[in-house]
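Laboratory data are not the source of any read-out in this text; all were calculated from the coordinates shown. Keep in mind the model is a prediction, meaning the values are calculated, not measured. No Cβ is skipped: glycine too gets one built from the backbone with ideal geometry, and neighbour counts run over all protein chains shown.
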Amino acid sequence: MDYKTKLEELILTVIHEGGSDLHLGTGRVPIIRVSGELIFLAKHSVFTEGDIMGFLGEVLEKEKIDSFMENHEADFSYDFRGEARLRGNAFFQKGLICLVFRLVPKVKTFAELHLPPVLADLARKKQGFFLVVGPVGQGKSTTLSAMIDLINKEQARNIVTIEDPIEHVYIPNKSIINQREVGIDTHDFNVALKSVFREDVNVIMIGEMRTPGTIATAVTAAETGHLVFSTLHTNNASQTIDRIIDSFPGDQQDQIRAQLASSLLGIFSQRLIPRITGGLIPAYELLLNNNAVANLIREKRTHEVDIVIETGMESGMVDLNHSLIELVRAGEISIENAYQYSLNPKGLERMI
């Protein structure tokens with residue numbers, strides 16, 4: 001089998017079907033995910049262990065294959081004919097290798113992504129800390145790419161991204177853009193992040209904050225005149241604040257509370273909801289930092305953040321239930337899906 005040709009054929013299937021993911025594994029046919037649902041490509045033959053090794057050889061260099069065979073985990077990116085980019089993961093299950101590819105959407109505008117214009121205002125800030133959060137596969141990286149692209153088009157700034165792996169590739173416009181991939185261009189997130197203080201940087205995008213050290217350095221960067229973007233796998237704004245603070249030892253938590261209260265710009269939590277007409281559309285929650293929010297962070301009252309969001313719509317904040325209801329009223333999503341994705345179904349019911 002020509003594994004490069006076969007892989008490209010499968011990737012084209014994902015693209016043509018409007019899919020997001022491709023799953024390859026020993027003893028099964030290829031599987032794609034479209035609008036959140038898995039579809040088995042039954043017309044294809046079941047792949048053997050040799051087939052999967054063949055695909056692995058197309059996406060990883062020999063030294064990386066050796067490392068993967070030793071560590072049993074590998075992240076990678078794959079360029080498809082210069083037309084599309086995929087991020088991938090190789091792993092073992094029951095002693096057999098599996099590959100999962102996720103199609104990285106092309107950089108789009110806020111309007112194309114159905115995102116609120118206030119995100120553009122946040123992208124134009126000179127300094128501060130902004131987080132996009134949500135479960136895996138909910139479009140966090142795509143939202144950040146729109147913010148980075150806006151800065152690139154409008155301002156002369158030095159932008160550094162630190163990613164594992166690099167997802168969206170930017171073409172410098174008015175800005176300098178340096179994209180650093182963990183494992184290739186830098187040892188790890190924390191090392192790269194500490195280096196930016198010597199690189200005359202204006203904007204920093206951290207693909208994911210995985211350790212307290214990375215979080216602490218990111219917050220310090222925001223305090224010292226940088227605009228910092230990153231992501232976390234959390235459900236909403238209040239949980240995100242708690243996750244950040246709880247990642248530090250007790251004797252350091254008051255300091256990180258004070259730093260976060262002064263540097264935070266906002267937290268954007270999003271979910272991709274199946275549209276009635278097909279495809280996905282985001283529903284979201286947006287917390288914007290103000291004096292009330294900063295005081296809640298300092299005073300260990302983050303459980304009250306949800307109330308501030310619900311009552312802060314005039315200042316630009318967005319409550320997830322309101323976002324869901326607006327999509328229902330616009331005929332974009334079903335009421336059943338609104339209930340399914342709501343974090344407060346009883347509150348949603350009161351709004352209907």
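For the pair Ser67/Asp242, report the inter-label distance in nm, with labels modelled 7 Å from Cα in the Cβ direction.
So the two model labels end up 3.7 nm from each other.
Could you calculate the FRET efficiency of Thr311 with Val169 from 1/(1 + (r/R0)^6), where r is the beta carbon distance between them and R0 is 25 Å, rounded to 0.05?
Numbers: r = 41 Å, r/R0 = 1.64.
Efficiency, rounded to the nearest 0.05: 0.05.
Let a ≥ b ≥ c be the square roots of the eigenvalues of the Cα gyration tensor of region 203-291; is it rounded (a/c under 1.5), or, if not, prolate (a/b larger than b/c) or oblate?
Numbers: a/c = 2.14, a/b = 1.95, b/c = 1.10.
Because a/c hits 1.5 or more and a/b exceeds b/c, region 203-291 counts as prolate.
If we restrict to alpha carbons, what Rg and Dmax does the chain come to, in Å?
Considering the chain through its Cα atoms, Rg and Dmax are 21.2, 63 Å.
State whether region 1-148 is rounded, prolate or oblate according to the following rule on the C-alpha gyration tensor (a ≥ b ≥ c being the square roots of its eigenvalues): a/c under 1.5 gives rounded; otherwise a/b larger than b/c gives prolate, and the remaining case gives oblate.
Prolate, because a/c is 1.5 or more and a/b exceeds b/c.
Choose one answer from Asn71, Asn236, Asn289: the residue with the largest mean-square fluctuation in a GNM of the chain with alpha-carbon springs under 10 Å.
For the chain, modelled as a Gaussian network with Cα springs under 10 Å, the answer is Asn71.
Please give the helix 237-246 orientation as an angle from the longest Cα principal axis of the chain, in degrees from 0 to 90, rounded to the nearest 10.
90
Using the alpha-carbon atoms, what tilt in degrees (0 to 90, nearest 10) does helix 140-154 show relative to the longest principal axis of the chain?
70
Show the residues, 5+ positions off or on another chain, whose built amide H is closer than 5 Å to the amide H of Val182.
Those lying under 5 Å, H to H, from Val182 are Glu163, Asp164.
Within 10 Å of each residue's Cβ, count the other Cβ atoms and sort Glu63, Glu167 from fewest upward. Before the final figure, lay out the partial values.
Working: Glu63 8, Glu167 21.
Lowest count first: Glu63, Glu167.
Tell me, what HN-Hα J-couplings in whole Hz come from the Karplus equation 6.51 cos²θ - 1.76 cosθ + 1.60 at θ = phi - 60° for each residue of region 258-271, using x for Gly and Pro?
So the Karplus estimates, Gly and Pro as x, are 5, 5, 5, 4, 8, 9, 5, 8, x, 9, 10, 10, 9, 9 Hz.
Give a residue-ordered list of calculated ³J(HN,Hα) values for region 225-236 (Karplus: 6.51 cos²θ - 1.76 cosθ + 1.60, θ = phi - 60°; whole Hz; x for Gly, Pro).
Calculated HN-Hα couplings, in order: x, 9, 9, 10, 10, 7, 10, 9, 8, 10, 8, 7 Hz.
Straight-line reach from Lys106: which aspartates and glutamates have a Cα under 13 Å away, not including same-chain ones fewer than 8 places off?
Here the aspartates and glutamates satisfying the reach criterion relative to Lys106 are Asp79, Glu83, Asp149, Glu167.
Please go through the residue pairs Lys126/Lys174; Lys108/Lys174; Lys140/Lys346 and name each one whose alpha carbons sit more than 24 Å apart in this structure. Numbers along the way, then the final one.
Details: Lys126/Lys174 16 Å; Lys108/Lys174 17 Å; Lys140/Lys346 27 Å.
With Cα atoms farther than 24 Å apart: Lys140/Lys346.
Can you give the helix-only mean residue ellipticity at 222 nm for the chain, where every DSSP H stretch with n ≥ 4 adds -39500 (n - 2.57) and the sum goes over all residues, rounded to the nearest 500 deg cm²/dmol? List each step's numbers first, then the result.
Working: 14 runs with 135 residues, N = 352.
Calculated mean residue ellipticity at 222 nm is -11000 deg cm²/dmol.
When all C-alpha to C-alpha distances in region 237-352 are sorted into bins of 5 Å, what percent of pairs does each bin hold, rounded to whole numbers?
Computed distribution, short to long bins: 2, 12, 21, 19, 16, 12, 9, 6, 3, 1, 0.
I'd like the orientation of helix 320-329 relative to the chain: the angle between its Cα long axis and the longest Cα principal axis, in ° from 0 to 90, rounded to 10.
70
Taking the Cα centre of region 3-104 as origin and charging only Cβ (+1 Lys, Arg; -1 Asp, Glu), how large is the dipole, in debye to the nearest 20? The partial results should precede the final answer.
Details: 12 positive and 16 negative charges, 53 e Å.
In total the dipole reaches around 260 debye.
Anyone know which of Gly316, Gly139, Gly25 comes out most mobile in the 10 Å Cα GNM of the chain?
Residue with maximal mean-square fluctuation among Gly316, Gly139, Gly25: Gly316.
Could you pull out every residue, at least 5 positions away or on a different chain, whose amide H is within less than 5 Å of the one on Phe80? Hs are placed 1.01 Å off N in the peptide plane, and Pro or chain starts have none.
Close amide H contacts, sequence-distant or interchain: Arg85, Leu86.
Would you please give the residues with an amide H less than 5 Å from that of Ala74, counting only those at least 5 places away or on a separate chain, with H modeled from the backbone geometry?
HN-HN under 5 Å from Ala74: Ala90.
Sum up the charges of everything whose Cβ sits under 14 Å from the Cβ of Ile177, counting Lys and Arg as +1 and Asp and Glu as -1, but leave Ile177 out. Don't skip to the answer; put the middle values down first.
Numbers: positive: Lys153, Arg157, Lys174, Arg180; negative: Asp149, Glu154, Glu163, Glu167, Glu181, Asp185, Glu199, Asp200.
For residues surrounding Ile177, the net value is -4.
Using the number of other C-beta atoms within 10 angstrom as an exposure proxy, rank Leu60, Leu144 with the fewest first. Write out the running numbers ahead of the final one.
Values: Leu60 19, Leu144 25.
The most exposed by this proxy come first: Leu60, Leu144.
What's the exposure ranking of Glu332, Glu17, Glu349, going from fewest to most Cβ atoms within 10 Å?
In order of increasing Cβ crowding within 10 Å: Glu349, Glu17, Glu332.
When the Karplus curve 6.51 cos²θ - 1.76 cosθ + 1.60 is applied with θ = phi - 60°, which whole-Hz ³J(HN,Hα) does each residue of region 15-27 get, with x for Gly and Pro?
5, 5, 8, x, x, 10, 9, 10, 10, 10, x, 5, x
Name the residue from Gln255, Phe92, Leu286 whose Cα lies farthest towards the positive end of the charge dipole of the chain, charges +1 on Cβ of Lys and Arg and -1 on Cβ of Asp and Glu.
Leu286
Counting other C-beta atoms within 10 Å, and keeping those with at most 12, which DSSP coil GluC sites (Glu not before Pro) do you find in region 222-322?
Working: sites: Glu223, Glu285, Glu299, Glu304, Glu310, Glu314; in loops: Glu299.
For GluC sites (Glu not before Pro) across region 222-322 that sit outside H, G, I, E and B with at most 12 neighbouring Cβ atoms in 10 Å, the list reads Glu299.
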